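Read-outs: derived from the displayed coordinates by stated rules, not from any lab. Keep in mind it's a predicted model, so treat the numbers as computed, not measured. Please note: Cβ atoms are built from the backbone with ideal geometry, for glycine as well, and neighbour counts cover all protein chains shown.
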């Protein structure tokens, strides 16, 4: 089975499993797990921040950051297809009691002008705008990479107006590899940054938040409130440390495979795809002229050994990752072509 549904389906490599098995552990709620402490120190250094916090999931990371930057009744600015809006179960309103101002972006990427225009006036009739959230890379935008200059401009104008800024860097290191910009440079303009260990980096569990010492101390307490305090979590943190040591530069293979996949799909008459929009490891494509529903196509492809996600009426998403080889890409393209009549 060739699984292109998401880079979340990756499995720990044998060497990663060995690192997990050998991890030194303690009680992380007491701050006594040496491997968790090592991961947090490494993450903070890598992103150029003072401190870091290991959390179970990317959703928890984002929602902790929204909570730490806002008060009930505030408004958060985000692009309308952002993960914090689309895939986090309404948790911003449920857990932090904030509302979200949803802006239209270009492939999920906002411009500073639209952010400035969305900031509410200081008036008792309006919710206070207190936070802007950006996403790197942008999932629904097909893995689009925010240019550093755009992020710097947005965070600058937001900061000038008293807003905090959070970067949902779930696929931050995909952006690092694709752009050549360092993780620290991407993180520098933001008050909080999270990144996921269990997507392209290939760890089984976990995300990390980086920020200042004071803010991480507040986030640590909120993590406990949100149910994210873990005990001998070093077994999981060891996988994250291994990923940071061994799985960043190899992401270029995923990007190359995604680009090649798009170029191959372009040869199938029933498929529309723009390879020029494939910047990282996500390929969005459409099936045209088919009388099958996307659900039916997904099932038929599953039957021939290819897993994809339908993300629209005619649209599909494929994500390359460390468990997908270049040979898998060739085979997946062949099977898709057969299903679609080539």
List 300, 98, 283 from most exposed to least, where exposure is judged by having the fewest other Cβ atoms within 10 Å.
300, 98, 283
Given 195-204, 153-162, 63-72, the highest-first ranking by average Cβ count within 10 Å works out to 195-204, 63-72, 153-162
Between residue 1 and residue 311, the two model label points (7 Å from Cα along the beta-carbon direction) sit apart by a distance in nm of 2.1
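Translational diffusion coefficient of the range 162-271 at 4 °C, 1.567 mPa s, Stokes-Einstein with Kirkwood Rh over Cα pairs, in µm²/s as a whole number.
On the way: Rh = 16.1 Å.
D, rounded to a whole number, is 81 µm²/s.
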Can you tell me the order of 140-147, 229-236, 111-118 when each peptide is scored by its average per-residue count of other Cβ atoms within 10 angstrom, highest first?
140-147, 229-236, 111-118
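Once Rh for the range 1-130 is found with the Kirkwood sum over Cα pairs, what is the Stokes-Einstein diffusion coefficient at 25 °C and 0.890 mPa s, in µm²/s?
Values: Rh = 18.0 Å.
The diffusion coefficient I find is 136 µm²/s.
With r as the distance between the Cβ atoms of residue 160 and residue 334 and R0 = 56 Å, compute the FRET efficiency 1/(1 + (r/R0)^6) and round to 0.05.
Plugging the Cβ-Cβ distance into 1/(1 + (r/R0)^6) gives 0.55.
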All alpha-carbon distances of the range 72-172, grouped into 5 Å bins from 0, give the whole-percent distribution 3, 13, 26, 26, 19, 10, 3, 1
Helix 294-303 sits off the longest principal axis of the Cα atoms of the chain, rounded to the nearest 10 on a 0 to 90 degree scale, by 70
If one takes the longest principal axis of the Cα atoms in the chain, at what angle in degrees, from 0 to 90 and to the nearest 10, does the Cα axis of helix 58-69 lie?
30
Nearest 10, in degrees from 0 to 90: the angle of helix 213-225 to the longest Cα principal axis of the chain is 70
What is the fewest-to-most order of 307, 134, 340 by other Cβ atoms lying within 10 Å of their Cβ?
307, 340, 134
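Please give the calculated 222 nm ellipticity per residue for the chain, where each DSSP H segment of at least 4 residues contributes -39500 (n - 2.57) and the sum is spread over every residue; nearest 500 deg cm²/dmol?
Mean residue ellipticity at 222 nm (helix-derived): -12000 deg cm²/dmol.
Compare the peptides 24-30, 104-110, 288-294, 237-243 by average per-residue count of other Cβ atoms within 10 angstrom and give them in order, highest first. Present the calculation step by step, with values, prior to reporting the outcome.
Numbers: 24-30: 15.7, 104-110: 18.9, 288-294: 12.4, 237-243: 27.6.
For the peptides 24-30, 104-110, 288-294, 237-243, the packing ranking is 237-243, 104-110, 24-30, 288-294.
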Taking the convex hull of the Cα atoms, report for the range 250-339 its projected area averaged over all directions, in nm².
5.2
Rounded to whole Å, sorted largest first: equivalent-ellipsoid semi-axes of the range 105-147, Cα gyration tensor
26, 10, 8
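Between residue 152 and residue 125, what is 0.36 nm times their sequence separation minus the Cα-Cα distance? Round to one decimal in nm.
Full-extension gain reported as 6.7 nm.
Quick check: convex hull of the Cα atoms in the chain, volume per residue, rounded to a whole Å³? Working shown, then result.
On the way: hull volume 45.5 nm³, N = 342.
Normalising the Cα hull of the chain by residue number yields 133 Å³.
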